[in-house]
Amino acid sequence: MTEPASSRATFAVLATILRPLMNAMMSKEWKGAENLPRDTGFIVCPNHVTEIDPIVIGHFLYNNKVLPHFLAKASLFKVPVFGAALRATLQVPVERTTAGANHSLDVAREAIDGGGGIIIYPEGTLTRDPDMWPMKGRTGAARLALQTGAPVVPIAHWGAQEVFPRYAKRLYLFPRKKSRVLVGKPVDLSEFHGGPITRTTLDAATTRIMDALTELVAELRGETPPADRWDPTSKNQKQTGRNFGSPAGEAQ
């Protein structure tokens, strides 16, 4: 998929609006941009701690000459104005159904085949970990990586959650916060290539991705992550929605 001129133009307009706002809200400390592939399509796997994560990651990638294409939940495409911007910049809607999810991965594969970058949050939603460490990952990023052979680049960030806490209703702009981004080297998934893509293989590859991402987050935070990664299913939490503390399956 070659980036059309209309998409590039829309990115340029959004960048003109959003970059000054992001720079005003947060100072930047960005490291590891040299680890971004420049000669092939690739998959970006960031941690997910606040709803403004995509703007932070998009800001970083755009400044490094990578047009960001996210897998985003389909409901966002129905939001007035915002949904139009998502469509204009060729973001990828993700349906919760199996057929919809398969279509999303097909579109993402096209972006990678065209030499672009696709951003997949491997956790699938905002982390449910009480201390906001990366939680147990879902297998979509690993599946796409094994199907395409595209490198997986983990990107950790920290600080945006102080401006807009998880599921908050307003921004906290003062005092001015710092947005810290750290890019890791592509995750080594070579041992998983060439064989059948089984559930066991996907789980192992996903664990490898989440381990690399967690290590980067720990470096940014200067803290030691928990020995066991948070698993919403084992905690009887809902996989989606704001009321994730409610037991899975409980009516809201």
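In this entry, Met26 is excluded by the filter for residues that are within 28 Å of Ala218 (Cα to Cα) and in contact with a His (Cβ under 7 Å, 6 or more places away or on another chain). When region 96-119 is filtered for residues that are assigned to a helix (DSSP H, G or I), within 22 Å of Ala5 (Cα to Cα) and among the hydrophobic types (A, V, I, L, M, F, W, C), the ones remaining, listed by number, are Val107, Ala108, Ala111, Ile112. For region 32-45, how many residues meet the condition of being within 16 Å of Leu182 (Cα to Cα) and out of contact with any helix residue (DSSP H, G or I) (no Cβ under 9 Å at 6 or more places or on another chain)? Of the residues in region 32-45, 3 are within 16 Å of Leu182 (Cα to Cα) and out of contact with any helix residue (DSSP H, G or I) (no Cβ under 9 Å at 6 or more places or on another chain). The criterion of at least 3 residues that are in contact (Cβ under 8 Å) with a residue 40 or more places away in the chain and buried (at least 21 other Cβ atoms within 10 Å of the Cβ) is met, among strands (runs of 3 or more DSSP E) falling completely within region 1-95, by 42-46, 68-73.
Scanning region 110-165 for residues that are of a type in the set (Lys, Arg) and open to solvent by 10 Å² or more (accessible area, probe 1.4 Å) returns Lys136, Arg138, Arg143. Determine whether region 228-251 contains at least one residue that is open to solvent by 60 Å² or more (accessible area, probe 1.4 Å) and of a type in the set (A, V, I, L, M, F, W, C). There is at least one residue in region 228-251 that is open to solvent by 60 Å² or more (accessible area, probe 1.4 Å) and of a type in the set (A, V, I, L, M, F, W, C).
Within region 185-200, residues that are more than 22 Å from Ala156 (Cβ to Cβ) and open to solvent by 70 Å² or more (accessible area, probe 1.4 Å) sit with their Cβ atoms under 7 Å from residues that are assigned to a loop (DSSP other than H, G, I, E, B) and of a type outside the set (A, V, I, L, M), at 6+ positions apart or across chains, in these pairs: His193/Gly149. Filtered by the rule that a residue be closer than 14 Å to Asn47 by Cβ and touching a Ser or Thr at 6+ places or on another chain (Cβ under 6 Å), region 134-152 gives Pro134, Met135, Gly137. Taken over region 201-227, residues that are open to solvent by 60 Å² or more (accessible area, probe 1.4 Å) and assigned to a helix (DSSP H, G or I) amount to 6. Whether any residue in region 120-142 is of a type in the set (Gly, Ala, Ser), without any contact (Cβ under 8 Å) to a residue 60 or more places away in the chain and outside any loop (DSSP other than H, G, I, E, B) is what I want to check. No, every residue in region 120-142 fails to be of a type in the set (Gly, Ala, Ser), without any contact (Cβ under 8 Å) to a residue 60 or more places away in the chain and outside any loop (DSSP other than H, G, I, E, B). Considering the conditions (1) in contact (Cβ under 8 Å) with a residue 40 or more places away in the chain; (2) in contact with a Ser or Thr (Cβ under 7 Å, 6 or more places away or on another chain); (3) closer than 26 Å to Phe164 by Cα, Gly115 is excluded by exactly one of them, (3).
The values are calculated or read from the model by the stated rules, or taken from the named source; none is laboratory data. Values in this document were obtained by computation on a predicted structure and should not be read as measured data. FYI the Cβ positions are ideal-geometry reconstructions off the backbone, even for glycines, and counts take in every protein chain you see. Protein only, heavy atoms only, side chains kept; ligands, DNA and RNA dropped before computing areas. Shrake-Rupley method; radii C 1.70, N 1.55, O 1.52, S 1.80 Å.
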